[in-house]
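Accompanying notes for the structure given below.
The values are calculated or read from the model by the stated rules, or taken from the named source; none is laboratory data. Since the structure is predicted, the reported quantities are computational estimates derived from the model, not experimental observations. Please note: Cβ atoms are built from the backbone with ideal geometry, for glycine as well, and neighbour counts cover all protein chains shown.
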Amino acid sequence: MSQQNFPRLVIAGLKGGAGKTVAALGLVRAWQKEGLQIVPFKKGPDYIDAGWLSQAAKSPCYNLDPFLMSGEIIRKSFAFRAKSADISVIEGNRGLFDGVDESGSSSTAELAKLINAPVILVLDCTKTTRTVAVLVLGCLSLDPELRIEGVILNHIGGSRHETIVRRSVEKYTGISVLGALPRMKGDPIPMRHLGVTPWEEHPKAAKALDKLGLLVRESVDIHALNRIADQNKVWKLAGMDCMKLFPAAEKTHSSHTPLIGVLRDGAFQFYYPENLEALEKAGAKLIFLNSLESAGLPELDALYIGGGFPETQAARLSANDDMKRDIYRAIHLGLPVYAECGGLMYLGRHLVWRGKTYPMAGAIGWDFIVGEKPAGHGYSALEVISQNPFYNIGTILRGHEFHYSRPVLVDKANSGKLSCSVLRGHGFDGQHEGIVFKNIFGTYTHVHALEHPEWATSLVKTAIEYRSSFTTSQK
């Protein structure tokens, strides 16, 4: 058993919207401005908060999720990334004890225990005073194994409000109040379609983060938080080789380095850093492309299109005829394409949003209609039931989906085949998922490469096979 130092904090709330994102971003930014090396993590499958955290820290943010990943993978991933940090900050999601069942499976609390991290509670104090202490007492009694070591008050109305709440919490719970964030007149990171505005679409992202950093510096005892993180830094790692985070992503032997295109821009932003890294570890060279501005596709051996907001960028996507034409042609020549959620929608014939219809790549005979309410939202699980370019039959895929669109079949001849049954979630119709057409695999479910290492190796292998067959056919 080895013993290593990992100063770390979990920033948690009792509900969504309690202020943990504001506190986490402000804390990370304040420490980053002090010259500390901060490695941020986001509990759950969220891409947008993770993107903001990465910008605040000026360092990649990594997801840790007890539903998507085993406990061993979580501990290994955390230790592998956190070993280079002065402090690691893990932002929770939803309420501290909220999970997929009544026992709190996959909750922020369970994650904190997995990595033996102290928890700082961010509490929404709107229209309440002494009752806040009851909330803290409830958390302490529900799970005595959880180490709650500080409280940050949020939405404080003034000095009198703060004094009563602070004294109540400290008197009845024994937990120190380490800061009080005032009510803000404006939200520096406003909500919009499908949640928080992504940093890529915020016109003044850096200034917003600097504002939050200054707010936390002025309102929170960041040095006390630093001490808590440091006092809890020792972690005993039993039988875990943290140096081999991608043991299954062995390079496929080939004389040709496969070129995998990745659409990453204002429309397609949702990529786990580990997924991109896994492709490189498996031997691929990644070519990043802009679906809104690039003049078509270069020569590629495969294409990876992640999720994002194609609906908000629909006019620009539709206007880039060169890119749409090249993708359509490449797919019909057999180019392997892995498309998740927004990427899947882009491959359809049309995207319909807010009463307007936008032509997309037209590679598959489906339209995607974006509604006002979620069609699929939450963790998902699929079973692969038929042949496809990337997964063996019988594979169980665990991931998550969050989409407001629903697919409508418009061209049966080019509809492809749905290759997965839905075990959890909604998918295409509540029963089936994973459209296969030519060498496309399109799905609403986002998977994480650490839990599914075969994802990267099979994508690279398929890319190599495509190049080999394409080269042979040209002779």
Just give me the residues in segment 69-85 being under 16 Å from residue 233 (Cβ atoms) and of a type in the set (A, V, I, L, M), in sequence order. 79, 82, 85
Odd one out for residue 412 among (1) farther than 20 Å from residue 369 by Cα; (2) out of contact with any strand residue (DSSP E or B) (no Cβ under 9 Å at 6 or more places or on another chain): (1)
Exactly one of 426, 377 is surrounded by fewer than 16 Cβ atoms within 10 Å (Cβ to Cβ), touching a His at 6+ places or on another chain (Cβ under 9 Å) and either assigned by TED's automatic domain parsing to the domain that holds residue 325 or on the phi > 0 side of the Ramachandran plot (or both), and that residue is 377
Could you pull out every one of the helices (runs of 4 or more DSSP H) wholly within segment 39-131 that has 2 or more residues that are closer than 16 Å to residue 148 by Cβ? 108-114
Working only within segment 308-352, note down all residues that are within 19 Å of residue 410 (Cβ to Cβ) and surrounded by fewer than 21 Cβ atoms within 10 Å (Cβ to Cβ). 318, 328, 332, 349, 350, 352
When you scan segment 437-463, how many residues do you find that are aliphatic (A, V, I, L, M) and closer than 15 Å to residue 333 by Cα? 2
What's the number of the only condition in (1) in contact with a helix residue (DSSP H, G or I) (Cβ under 7 Å, 6 or more places away or on another chain); (2) modelled with pLDDT of 95 or more; (3) not assigned by TED's automatic domain parsing to the domain that holds residue 59 that residue 264 fails to meet? (1)
Within segment 345-401, take every residue that is under 26 Å from residue 424 (Cβ atoms) and of a type in the set (Lys, Arg) and give me the one that is modelled with the lowest pLDDT. 373
Looking at segment 17-25, is at least one residue among the charged types (D, E, K, R) and outside any loop (DSSP other than H, G, I, E, B)? yes
In a helix (DSSP H, G or I), modelled with pLDDT of 95 or more and within 20 Å of residue 16 (Cβ to Cβ) - does that describe any residue in segment 162-174? no
Selection count where residues are more than 25 Å from residue 213 (Cβ to Cβ), more than 14 Å from the chain's Cα centre (by Cα) and crowded, with 23+ Cβ neighbours inside 10 Å, scope segment 48-76: 1
Hey, can you tell me all the residues within segment 185-223 that are within 24 Å of residue 160 (Cα to Cα) and either without any contact (Cβ under 8 Å) to a residue 60 or more places away in the chain or basic (Lys, Arg) (or both)? 185, 186, 187, 217, 218, 219, 221
Report, by residue number, each residue of segment 270-288 that is surrounded by fewer than 21 Cβ atoms within 10 Å (Cβ to Cβ) and either assigned by TED's automatic domain parsing to the domain that holds residue 64 or part of a strand (DSSP E or B) (or both). 285, 286, 287, 288
Among the residues listed as 83, 43, the single one being buried (at least 24 other Cβ atoms within 10 Å of the Cβ), touching a strand residue (DSSP E or B) at 6+ places or on another chain (Cβ under 8 Å) and basic (Lys, Arg): 43
With a cut-off of at least 2 residues that are in contact with a Lys or Arg (Cβ under 7 Å, 6 or more places away or on another chain) and free of Cβ contacts under 8 Å to residues at least 60 places away in the same chain, name the strands (runs of 3 or more DSSP E) lying wholly within segment 353-453. 366-370
Would you confirm, using the coordinates I've provided, whether residue 369 is over 30 Å from residue 66 (Cβ atoms), under 26 Å from the mean Cα position of the chain (by Cα) and among the β-branched types (Val, Ile, Thr)? yes
Test for residue 35: is it surrounded by fewer than 23 Cβ atoms within 10 Å (Cβ to Cβ), closer than 22 Å to residue 223 by Cα, free of Cβ contacts under 8 Å to residues at least 24 places away in the same chain and not acidic (Asp, Glu): yes
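Quick grid of which residues meet (1) touching a helix residue (DSSP H, G or I) at 6+ places or on another chain (Cβ under 6 Å); (2) under 22 Å from residue 204 (Cβ atoms); (3) of a type outside the set (A, V, I, L, M):
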| position | (1), (2), (3) |
| --- | --- |
| 12 | yes, no, no |
| 28 | yes, yes, no |
| 66 | yes, no, yes |
| 81 | no, no, yes |
| 94 | no, no, yes |
